[in-house]
Amino acid sequence: MRAIAVLSVVIYHAFPNWLRGGFIGVDIFFVISGFLISTIIISNLERNTFSFIEFYSRRIKRIFPALILVLISSFVFGWFTLLADEYKQLGKHMAGGAGFISNFLFWNESGYFDNSANTKPLLHLWSLGIEEQFYIVWPLLLWLAWKKQFNLLTIATIVAIISFTLNLNKVHSDAVTAFYSPQTRFWELLIGSVLAYLTLHGRSLFPKLKHQLDSWLGKMIYAQTPDANGKTLRNVQSILGAVLILIGVLIITKARQFPGWWALLPTLGAVLIISAGTQAWFNRAVLSNRILVWFGLISFPLYLWHWPLLSFTHIMESDASSRKIRIAAVLLAIILAWVTYKFIEKPMRFGKYSKMKIIALVVLMTIVGYVGFNTYAMDGFKFRVGVLKFNTISKAAGEWQYPGDLKEYPFKNKYFYHQESKKKDTTLFVGDSNIEQYYVRIDELIKRNSQTTNSIIFATGGGCLPIIDSPYDDLHKHCFGLMDAAFELASARKEIKTVVIGAQWNGYLSSGSALKGSFGYASDQYKNSLLKFADYIRDLKKLNKQVFVILNIPAETEMDPKYMASRELKNFPNFLKLRDGGVSMKKITDKYGLIQNDLQRVAEEAGAIVINPLVFVCKSNTCPSLDSNGEPIYKDSAHLRPYYVRNKASFIDITVTTP
């Protein structure tokens, strides 16, 4: 079972298109952990031999050795390959990993501009954090329940139901919380706990029901009914469990509301397989295979090693790691996992000097946690040799100043933002984060001359295409109704004289859009979107509003300041090299010229004034990624840097200074 779980996760992370639901291997791990831990605790409680010191000593010897090695290795490799902002983040995640609170850190980092998951070498430690938090709470609760002579099965079942209910509630209202919160994940471990109790006391529970089920299944499956000895029931359980897990890895994807109800597929599948016992055919013939048993033995270090290797590969290869490199990373993870298990984990878990080992591991983990925290506090050690010249890149990549001094403005169940000037006339900005990036320039104008600069309202949202009835997934459900609410606001407030609409249009309207549906140049959805956009502008014009439409900035990988930090494995040991950024106007025109032209045409025909940032950002035939002072213009591949916007984006001024 451990092998199935870890291999599913590894395949998913290395080759997500091969096994899109492979991440459910973590949920299988949760069930296994809950089962094993609860079996140990309940057995010892019933024998009056349970000891918290003994329990946590075994956990330390099991988890700390491999984890410490992976944390130190990530820190050392990151010293030579990561920029200051990346190394600072790694330090924070190291400290979180050492303190087993990674899930809380990643929970709080899940904003719109959070770094890609692929650039976080310790992201996978979120699940270890949940397990360790369970190991802290659950033994204490079981011990107290045992002392008070409560039924342990009842306690486990009640807590599991509460956790599962919270999971169902949060997966709809706050999917990030449902994914990372221990309260919404504990039920998966508690299912294993319930199974542990039933396994220990199985003979006395439901004997008649088991006998009847086995007899009925025998009649249904075989021509000649076999003896009702439990064999048929066990075989059906294990095979059904395997089928549930198989269905899970095939149909569950990131687009599903997970965990939610979907998590029942891997968790119940794991329960059925474990409860079937060692004599079930599938368990005996398949899961007892020597190869799977071997992978099961190294499953924990393999889980720890595989993601940092894949993540660093992603970082080094600039978001385009080849299949060969990923295969090599997986093979290296397997080798390192075996070496870790053989020469680190086993010697630390078994043998003499147990107390000294535990003390040494606790001290070493404390030091690792402190080093990580200090790395974060020291801003990623900017003084590192080879990193100094990249500090301007790191600074640019971390900049984002929206919403700044804006105040919340509730309207129609939406939360917009506003900032008052001395001028009553107001400009309403509508769109996504590409409109939000211009806020710092307007804030500067208000502070320079509040008498001549309009007050402002931002009706925006990350990932929101400013076209009525655009389709969104659950991650962008905040976008639903945004355009309608913005229009109602413009209609309700007479002081709103100007409406500015903008977005990263190319990212939504081109083929391969992240939005649901088909957004290709020739698709009906593309054409209908343009018609709806024009109608929206005309409706605003009927309200006597001045309408501006801001087209796309150049949004390409080469504009990202991180692109200029070239990192390739072949450059060992001097991994970091500086390279030129920027993109040609021809590339932009060839890829997105049709969209830009179509938007400009329909907007102008509807009565809007069109602003094309390419005219201002690009020079001659090139769109540079650095300004005349050598400072990055962008914060990432699709957003201008606040420093540049505040000082250079004068093309936006007309939207807030019109009479």
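Summary table below
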item	result
Subset of K120/K635; K395/K635; K382/K577; K422/K542; K562/K619; K407/K532 violating a 20 Å alpha-carbon distance limit	K422/K542; K562/K619; K407/K532
Residue-span extension gain [S43 to L331] - 0.36 nm each, minus C-alpha spacing	99.8 nm
Peptides 12-24, 178-190 ordered by average Cβ neighbours within 10 Å, highest first	178-190, 12-24
Label selected from (1) 0.95; (2) 0.97; (3) 1.03, the criterion being Rg/Rh (Cα atoms, Kirkwood Rh) as computed here	(3)
Fully extended contour minus Cα-Cα distance, from T157 to N544, at 0.36 nm per residue	133.1 nm
Whole-number percent relative contact order across the chain, with pairs defined as alpha carbons under 8 Å at least 6 apart	15
Fewest-first sequence of H314, H478, H306 by Cβ atoms within 10 Å of each Cβ	H478, H314, H306
Estimated 222 nm signal from helices in the chain, with DSSP H stretches of n ≥ 4 weighted -39500 (n - 2.57), rounded to 500	-18000 deg cm²/dmol
Shape call, segment 2-377: gyration tensor on alpha carbons, a/c limit 1.5	prolate
Test item: Cα-centred dipole of the chain, Lys/Arg +1 and Asp/Glu -1 on Cβ, debye	1760
Simple spin-label estimate for T366 and Q279 in nanometres, 7 Å along Cα-Cβ	5.1
Taking V6, V610 and counting other C-beta atoms within 10 Å, the order from fewest to most	V610, V6
Share antiparallel - DSSP beta bridges, the chain, percent rounded to 5	45
Sequence of R323, R349 once ranked by neighbouring C-beta atoms within 10 Å, starting from the fewest	R323, R349
Three-way shape call for segment 314-424 based on the alpha-carbon gyration tensor, with the a/c threshold at 1.5	prolate
Low-density loop cleavage sites - trypsin sites (Lys or Arg not before Pro) in segment 41-97, where at most 14 other Cβ are within 10 Å (DSSP)	R47
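Every read-out reported here was derived from the displayed coordinates using simple, explicitly stated rules and does not represent laboratory data. Just so we're clear, the structure is a prediction, and the values are computed from it rather than from any experiment. Backbone-built Cβ (ideal geometry, glycine too); neighbour counts: all protein chains shown.
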